[in-house]
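**Q** Input: one structure, supplied below.
The values are calculated or read from the model by the stated rules, or taken from the named source; none is laboratory data. Since the structure is predicted, the reported quantities are computational estimates derived from the model, not experimental observations. Neighbour counts run over all protein chains shown; Cβ positions are idealised from the backbone, glycine included.
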Amino acid sequence: MKGPDNNTHWWLGVAELAAHGIQHGAEKLKRVHLSIADESFRVLEAIPVTRSASRFVRVCHHSIARVSYGSVSLAGRVVAEGAASAAVEFGPG
């Protein structure tokens, strides 16, 4: 649908902007999340009785968090690239 009422490019731009925000926001949140978790794990590692279990749980926690935040970041990147590609296909706005 071409014409003056076509807001396709505007909506694709909004989608791309939001997707980039999600992508970069997920990376920032991952760093904050892991930093906060490290504080608790450091305390648990200082206690001899909880040291070995804490190390194992820390590795599991950090692995799951990295996969989770990485998935959100990847989804944001895919949506951003899709919106950018769609804008190119629609031609000049």
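**Q** Please pick out the residue among A19, A75 that is touching a residue at least 60 places away in the same chain (Cβ under 8 Å) and of a type in the set (A, V, I, L, M).
**A** A19
**Q** I would also like to ask the following. Restricting to the stretch 57-93, give me the number of residues that are over 19 Å from I36 (Cβ atoms) and loosely packed, with under 15 Cβ neighbours inside 10 Å.
**A** 13
**Q** Given the conditions (1) closer than 24 Å to L29 by Cβ; (2) not in a helix (DSSP H, G or I), which single one is not true for V49?
**A** For V49, the exception is condition (1).
**Q** If you don't mind, there's one more thing I want to ask. Can you tell me which of S54, S71 is touching an Asp or Glu at 6+ places or on another chain (Cβ under 6 Å), modelled with pLDDT of 95 or more and among the polar types (S, T, N, Q)?
**A** S54
Matching residues to (1) closer than 30 Å to S85 by Cα; (2) surrounded by 14 or more Cβ atoms within 10 Å (Cβ to Cβ); (3) within 25 Å of the chain's Cα centre (by Cα); (4) charged (D, E, K, R):
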{"site": "Q23", "(1), (2), (3), (4)": "yes, yes, yes, no"}
{"site": "R42", "(1), (2), (3), (4)": "no, no, no, yes"}
{"site": "E45", "(1), (2), (3), (4)": "no, yes, no, yes"}
{"site": "A53", "(1), (2), (3), (4)": "no, no, no, no"}
